Amino acid sequence: MTRLIPAVAAMTIVTVLTRAAPFLFFSRREPPAAVDYLQAYLPPALMTILVLSAFKDVAWAEFPHGIPAIAGATATALVHLAKRNVLLSIACGTAAFIALTRLLA
Amino acid sequence: MKEQSRRGRRREAVSSAFKAGVPVLLGYTSIGFAFGLVLVGLGLPWWLAPTMALFVFAGAAQFMGAGLLAAGAGLGEIALLTLLMNGRHMVYGLSVLDAYKGAGWRKPYLIFGLTDETYGIVTTIAPPPGSDPIDFYFALTALNQLWWFLGCLAGAAIGRAVPFDTSGLEFAMTALFVVLLMEQLRSIRRAEPYLAAAAAVAIASIAVGPDNLILVATILSCAFLLALRRRLEPAGGAGSAR
């Protein structure tokens, strides 16, 4: 409790600050060109980082050699290519991951 | 009479917001439910899930925060990683500066509730004609938070009553990132940002290992992207939402 409330407060403050930052900085002046440029190209870079870093704790050398994670991500991507339905893609990928984790345990 | 039609227009804005937000309803209730289950499964008290939904209102950052709390992480570490996880919001907010102009007393809440999904709808779906756009944005944001809150609460309550084996459910966040990456690939068809980020992850994992991987890779990627500016910029705001 004494640890949880300050943690929630810290997460709240930091999240609000990130969301408010552009409103605080650029409400009266135009953002510099470098910010506009990063605004366009940072999202693809960040998503690449988030996907790749999701595999950072996989124990590749041990059985099942990261197969559930790779298969789960591949299933997500394939279902998304076929149907382009965000929830369906996530549900299928997660189900594949959970099923393989248990089957290969 | 005038009051009547104003109320009618407001009602129309709310019902349009409800319709526009149905995908978010489905997503937030199910991911929120998974969050509640995971949080209780990590041994954290159930009330933390709805409390986070009310005050933090962030998907990936809440999952990460619950994991860090369960692992006994410090306050500074939690704050830094939240900054890292939600740093992308600093970029998103730029494109709704104009849309949220003149929101008055509702503006702080609109900014507070600017999640990825709310941002996505605000920048792609037009408010109903004749209504106050701020009514639409405000209703959309509040409904989205309501779905998220209910999902988190239900997951925590049910996870507490019925002990679920939730291991593996956290993969939903990885899957979400895979989907978002594919949407990025669809809209930004240049190889450089993806390759720069992949190189940044490779360098960061060799240099610092798994613990600060995302932080170091993000900083490196910013540096790489700025270095590539000459090469990428003539393509002209490929992903600019404005």
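No value in this document is a laboratory result; all are computed from the given coordinates. Since the structure is predicted, the reported quantities are computational estimates derived from the model, not experimental observations. So basically every Cβ, Gly included, is an ideal-geometry build from the backbone, and we count neighbours across all protein chains shown.
Scan region A:11-93 for trypsin sites (Lys or Arg not before Pro) in coil per DSSP, keeping those whose Cβ has at most 15 other Cβ atoms within 10 Å, and list them by number. Intermediate values should be presented prior to the final figure.
Numbers: sites: A:ARG19, A:ARG28, A:ARG29, A:LYS56, A:LYS83, A:ARG84; in loops: A:ARG28, A:ARG29, A:LYS56, A:ARG84.
When the trypsin sites (Lys or Arg not before Pro) of region A:11-93 are filtered for loop state and at most 15 Cβ neighbours within 10 Å, A:ARG28, A:ARG29, A:LYS56, A:ARG84 remain.
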Using just the helices of chain B, give the 222 nm mean residue ellipticity in deg cm²/dmol: DSSP H runs with n ≥ 4 each add -39,500 (n - 2.57), and the total is spread over all residues, rounded to 500.
-23000 deg cm²/dmol
Rounded to whole Å and sorted largest first, what semi-axes of the equivalent ellipsoid does the C-alpha gyration tensor of chain B yield via the square root of 5 times each eigenvalue?
32, 28, 15
Which helices pass in chain B if a helix is a full DSSP H run, must span at least 15 angstrom along its long axis by Cα, and must have mean Kyte-Doolittle hydropathy not below -0.5?
B:22-41, B:59-70, B:75-86, B:133-161, B:171-187, B:191-208, B:213-227
How crowded by other chains is A:92-99, given as the mean number of beta carbons from other chains within 10 Å of each beta carbon?
5
Where does chain A land at 222 nm, in deg cm²/dmol rounded to the nearest 500, when only DSSP H runs of n ≥ 4 count, each adding -39500 (n - 2.57), divided by all residues?
-26000 deg cm²/dmol
Of B:MET64, B:ALA99, B:ALA53, which is farthest towards the positive pole of region B:2-161's charge dipole, taken about the Cα centre with +1 and -1 on the beta-carbons of Lys, Arg and Asp, Glu respectively?
B:ALA99
Compute the distance from the alpha-carbon center of region B:21-39 to that of region B:87-116, in whole Å.
22 Å
How high is the relative contact order of chain A, in percent, counting Cα pairs under 8 Å that sit 6 or more residues apart?
18 percent
If I histogram all Cα-Cα distances within region A:4-103 using bins 10 Å wide from 0, what percent of pairs lands in each bin?
13, 25, 26, 27, 8, 1
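Using the Cα centre as the reference, give the magnitude of the dipole from point charges on the C-beta atoms of the protein assembly as shown (Lys, Arg: +1; Asp, Glu: -1; all else neutral), rounded to the nearest 20 debye.
So the dipole magnitude of the protein assembly as shown works out to roughly 1040 debye.
All other residues with a Cβ under 11 Å from the Cβ of A:PRO43 taken together, and with Lys, Arg as +1 and Asp, Glu as -1, what is their net charge?
With Lys, Arg at +1 and Asp, Glu at -1, the net is -1.
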About its Cα centre, what dipole magnitude does chain A give when the only charges are +1 on Lys and Arg Cβ and -1 on Asp and Glu Cβ, stated in debye to the nearest 20?
260 debye
Taking N as the number of residues in the protein assembly as shown, what is its Cα Rg relative to 2.2 N^0.38 Å?
1.00
